[in-house]
Amino acid sequence: MCGRFVSARQRQELIDEFLVERDQVSRDVAPDYNVAPTDPIYAAMTRASRESGAAGHRGAAPAAAAREAPARELRLVRWGLVPSWAKDRSAGARLINARAETVAVKPSFRSAFARRRCLIPADGYYEWRTLGGREHGRPRKQPYYIHRADGQGMAFAGIYELWRDVALPADHPAGRLWTAAIITTRAADAVGWVHDRMPMVVSPGRWDEWLDPATGDAESLLRAITPAASDDLETRPVSTAVNSVANDGPDLITPLAAGGGPGEA
């Protein structure tokens, strides 16, 4: 699974890297070294956007004709997908990950997977390995930071939804909620000794296909991009300070002086 990750790149860096044509982010988000479920996160997606005021007036063009061509957007979404049919937004706290093996068929995810795929920028992510013994009555776990060895960022495969709160007026600012989930897959050998699941990483050469809502055979595309997840990853043990969502800052990804590795007891 993926329960925490790092998102430290600046908004303009992401606009340039993902070739964003429409910046839909109304505020900058500070670098976050301990992103947790329900936090706001950046997401890149391809959408057709209606021109404001083009429909709904006498003599106006039909709604379909008032749509701009699909373009790459950057948005802030909440981590934890709320299906469009959900009665309330509480489901999002649980639906932070979607398994690659079932994302195309699970009711909570299949509609978003078919038409609303996104890329979630990340510098790296955390995973916990269960060790021997117990601490404070619980199994001892060591957190690890997993990232690209060359220092470049990652683009997690994601899906997104736009949830509408029908209890509020259609134009109410709190009536629309953008949410997303990260697709996970079987862990590559490089990180599988830490945990058997990992976020699915999409290589830049596949970004256009992944984001294109018109891509018909998304399941075949999913199988095609899965191997990219194992490319050049590095794993290092870090402080247990990351266990608390209250902690943040670059110190969280500083490697421990010693320890950690496939042979650790």
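Given the options Asp196, Asp189, Asp171, name the one that is free of Cβ contacts under 8 Å to residues at least 60 places away in the same chain and closer than 18 Å to Asn97 by Cβ.
Only one candidate qualifies: Asp196.
Tell me whether the range 185-199 contains one or more residues that are in contact with a Gly (Cβ under 7 Å, 6 or more places away or on another chain), of a type in the set (D, E, K, R) and either assigned to a helix (DSSP H, G or I) or within 25 Å of Ala30 (Cα to Cα) (or both). Walk me through how you get there before you give the answer.
First, pick out the residues of the range 185-199 that are in contact with a Gly (Cβ under 7 Å, 6 or more places away or on another chain): none.
No - not one qualifying residue is present in the range 185-199.
Could you list, in sequence order, the residues of the range 1-53 that are among the charged types (D, E, K, R) and assigned to a strand (DSSP E or B)?
Restricting attention to the range 1-53, the residues satisfying the condition of being among the charged types (D, E, K, R) are 4, 9, 11, 13, 16-17, 21-23, 27-28, 32, 39, 47, 50-51.
Within the range 1-53, Arg22, Asp23, Asp32, Arg47, Arg50 qualify.
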- prompt: Are there any pairs, at least 6 apart or on different chains, whose C-beta atoms fall under 6 Å, with the first in the range 21-42 and under 23 Å from Arg94 (Cβ atoms) and the second of a type in the set (Gly, Ala, Ser) and assigned to a loop (DSSP other than H, G, I, E, B), and if so, which?
  reply: Pro37/Gly80; Thr38/Gly80
field: Matching entry among Asp88, Asp39 (being at pLDDT 95 or above and either closer than 25 Å to Met154 by Cα or more than 20 Å from the chain's Cα centre (by Cα) (or both))
entry: Asp39
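Taking into account only those residues within the range 165-201 that are charged (D, E, K, R) and modelled with pLDDT of 85 or more, which is nearest to Asp212 (Cα to Cα)?
Start the filter on the range 165-201 by keeping residues that are charged (D, E, K, R), which leaves 165, 171, 176, 186, 189, 196-197.
Remaining after also requiring modelled with pLDDT of 85 or more: 176, 186, 196-197.
Numbers: Arg176: 23, Arg186: 24, Asp196: 29, Arg197: 26 Å.
Checked the range 165-201; the qualifying residue nearest to Asp212 (Cα to Cα) is Arg176.
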- request: Among residues belonging to the range 7-18 that are surrounded by 14 or more Cβ atoms within 10 Å (Cβ to Cβ) and either touching a Lys or Arg at 6+ places or on another chain (Cβ under 7 Å) or acidic (Asp, Glu) (or both), point out the one that is farthest from Gly153 (Cα to Cα).
  value: Phe18
task: Return yes when Leu221 is surrounded by fewer than 18 Cβ atoms within 10 Å (Cβ to Cβ), within 30 Å of Trp85 (Cα to Cα) and either hydrophobic (A, V, I, L, M, F, W, C) or in contact (Cβ under 8 Å) with a residue 40 or more places away in the chain (or both) and no when it is not.
output: no
statement: For the range 100-124, pairs from a residue that is free of Cβ contacts under 8 Å to residues at least 24 places away in the same chain to a residue that is part of a loop (DSSP other than H, G, I, E, B) and not charged (D, E, K, R), with Cβ under 8 Å and 6 or more apart or across chains, are Thr102/Phe109; Arg110/Val103; Arg110/Ala104
task: Consider Glu21 carefully, then state whether it is surrounded by fewer than 13 Cβ atoms within 10 Å (Cβ to Cβ) and either modelled with pLDDT of 95 or more or not charged (D, E, K, R) (or both).
output: no
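Please verify whether Phe5 is of a type in the set (Phe, Trp, Tyr), over 30 Å from Arg129 (Cβ atoms) and modelled with pLDDT of 90 or more, treating the condition exactly as stated.
Working: of a type in the set (Phe, Trp, Tyr): yes; over 30 Å from Arg129 (Cβ atoms): no; modelled with pLDDT of 90 or more: yes.
When the stated conditions are applied, Phe5 does not pass them.
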query: Among the strands (runs of 3 or more DSSP E) confined wholly to the range 81-154, which include 1 or more residues that are within 18 Å of Trp193 (Cα to Cα) and not hydrophobic (A, V, I, L, M, F, W, C)?
result: 124-135, 138-148
- request: Output yes when any residue across the range 140-147 is under 23 Å from Arg9 (Cβ atoms), of a type in the set (S, T, N, Q) and either in contact (Cβ under 8 Å) with a residue 24 or more places away in the chain or touching a helix residue (DSSP H, G or I) at 6+ places or on another chain (Cβ under 9 Å) (or both), and no when none is.
  value: no
- request: Consider Gln152 carefully, then state whether it is in contact (Cβ under 8 Å) with a residue 60 or more places away in the chain and of a type in the set (S, T, N, Q).
  value: no
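Looking at this structure, is Glu127 surrounded by 23 or more Cβ atoms within 10 Å (Cβ to Cβ), of a type in the set (Asp, Glu) and on the phi < 0 side of the Ramachandran plot?
On the way: surrounded by 23 or more Cβ atoms within 10 Å (Cβ to Cβ): yes; of a type in the set (Asp, Glu): yes; on the phi < 0 side of the Ramachandran plot: yes.
Against the criterion (surrounded by 23 or more Cβ atoms within 10 Å (Cβ to Cβ), of a type in the set (Asp, Glu) and on the phi < 0 side of the Ramachandran plot), Glu127 qualifies.
The values are calculated or read from the model by the stated rules, or taken from the named source; none is laboratory data. Owing to the predicted nature of the structure, the values given are computational and were not obtained by experimental measurement. Cβ atoms come from the backbone with ideal geometry, glycine included; neighbour counts cover every protein chain shown.
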